[in-house]
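Worksheet: the structure to be examined is printed underneath.
The values are calculated or read from the model by the stated rules, or taken from the named source; none is laboratory data. This structure is a prediction, so every number in the text was calculated from the model and none was measured. No Cβ is skipped: glycine too gets one built from the backbone with ideal geometry, and neighbour counts run over all protein chains shown. Only protein heavy atoms, including side chains, enter the accessible area calculation; ligands, DNA and RNA are left aside. Shrake-Rupley method; radii C 1.70, N 1.55, O 1.52, S 1.80 Å.
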Amino acid sequence: MGSKSIGSASFFIKAYAVIQLLFALTLFGGGAYLIILNGSWYYCITGLLLIISSIYLYLNKIIGAKIFGIVFVYTLIWTIWESGTRFWGWIPRVATIAVFAFFLSLLLPYIAHGIRKRVAYSFTGLIVTCFVIAGALAWYPYFTSLDTSQIPQNTSNVYHADSTQPDSDWRYYGRDVQATRFSPTDQINPENINQLKQVWVTRTGDMPPVDKKNKWAAQTTPIKVNDALYLCTATNNMLKLDARTGKKIWEYKHNLAYEKLPSTAVCRGVTFYTSKVIPENEIC
């Protein structure tokens with residue numbers, strides 16, 4: 001191997017060691033805090049071992065790879081003990097360590113007193129194979145069962161309307177308790193749908209800050225009960241509208257502070273419930 005190749009290998013080994021060290025420090029710190037909270041000791045121990053491994057790898061000593069190997073093996077044992085055969089239980093526990101193992105296996109022949117390329121790249125191939133198998137298994141349904149006794153045996157292929165609400169209502173997110181998502185009314189059909197015209201427009205007034213429009217989403221599905229539409233805005237304000245005119249009958253303002261939102265501001269739907277205890281026209 002030429003001096004240029006040796007220099008390149010040394011650079012990549014040191015770069016890998018630094019990246020692993022940063023990961024290990026995060027793992028160690030978070031693991032120590034988890035122990036204070038009476039959580040698992042795994043992360044703290046793993047972080048400590050990976051810190052030691054990173055230091056030896058940076059010094060170009062093969063013992064760093066051996067310590068990583070210990071971490072990899074005992075991670076597998078810990079995962080089997082804690083998650084058994086649950087596929088999705090393996091992902092957060094093994095995936096990250098496996099990614100580091102992949103890159104380390106490529107560097108093994110170049111670490112001082114390293115192992116032969118054929119052996120090292122066999123590890124690489126094994127890890128890649130495991131990733132391919134894991135990717136395929138991710139599409140397989142887990143912990144599901146089909147109880148056909150709970151499925152209505154309707155072989156007529158005819159839609160049956162929900163008798164618990166008028167045909168003109170849409171009281172649930174999926175229209176009815178069966179979540180059929182279709183209205184039984186037939187006044188609007190494929191022949192006359194092109195004749196529909198806009199009757200009214202209403203505006204909730206719940207708008208995002210100027211610099212936060214990319215984190216605002218109007219995704220609500222209104223429900224219709226009798227002559228009213230009920231819906232929610234992005235920050236959980238509730239509205240009742242006249243279904244015929246769109247006029248606002250009442251509004252409940254949640255006053256949610258945008259900075260309290262961890263991600264996108266969105267409300268996807270509401271539900272309707274009639275109390276059998278509280279008298280009509282009294283506050284719930």
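Observations
- Qualifying residue in region 95-111 (condition: among the hydrophobic types (A, V, I, L, M, F, W, C) and modelled with pLDDT under 85): no
- Scan of region 131-174 for residues that are of a type in the set (S, T, N, Q), in a loop (DSSP other than H, G, I, E, B) and modelled with pLDDT under 60, ordered by number: Q153, N154, T155, S156, N157
- Restricting region 242-270 to residues that are touching a helix residue (DSSP H, G or I) at 6+ places or on another chain (Cβ under 8 Å) and closer than 16 Å to M207 by Cβ, the residue that is surrounded by the most Cβ atoms within 10 Å (Cβ to Cβ): A265
- Pairs, first in a loop (DSSP other than H, G, I, E, B) and modelled with pLDDT of 80 or more in region 272-284, second of a type in the set (F, W, Y) and surrounded by 10 or more Cβ atoms within 10 Å (Cβ to Cβ), C-beta under 9 Å, six or more apart: F272/Y172; F272/Y230
- Meets criteria (out of contact with any Gly (no Cβ under 9 Å at 6 or more places or on another chain) and of a type outside the set (S, T, Y)) for L59: yes
- Considering (1) loosely packed, with under 13 Cβ neighbours inside 10 Å; (2) modelled with pLDDT of 80 or more, the lone condition that P222 does not fulfil carries the number (1).
- Qualifying positions in region 225-241 - touching a Leu at 6+ places or on another chain (Cβ under 6 Å), modelled with pLDDT under 90 and open to solvent by less than 40 Å² (accessible area, probe 1.4 Å): T235
- Beta carbons closer than 8 Å, at least 6 apart along the sequence or on distinct chains, pair a first residue in region 245-266 that is within 17 Å of A218 (Cα to Cα) with a second that is open to solvent by 100 Å² or more (accessible area, probe 1.4 Å) and at pLDDT below 85 for V266/A218.
- Those residues of region 197-219 which are open to solvent by 100 Å² or more (accessible area, probe 1.4 Å) and assigned to a loop (DSSP other than H, G, I, E, B), in sequence order: K197, Q198, V199, R203, M207, A218
- Given (1) at pLDDT below 90; (2) on the phi < 0 side of the Ramachandran plot, number of the condition W200 does not satisfy: (1)
- When residues of region 36-72 are limited to those that are assigned to a helix (DSSP H, G or I), without any contact (Cβ under 8 Å) to a residue 12 or more places away in the chain and open to solvent by 40 Å² or more (accessible area, probe 1.4 Å), the one nearest to I91 (Cα to Cα): K66
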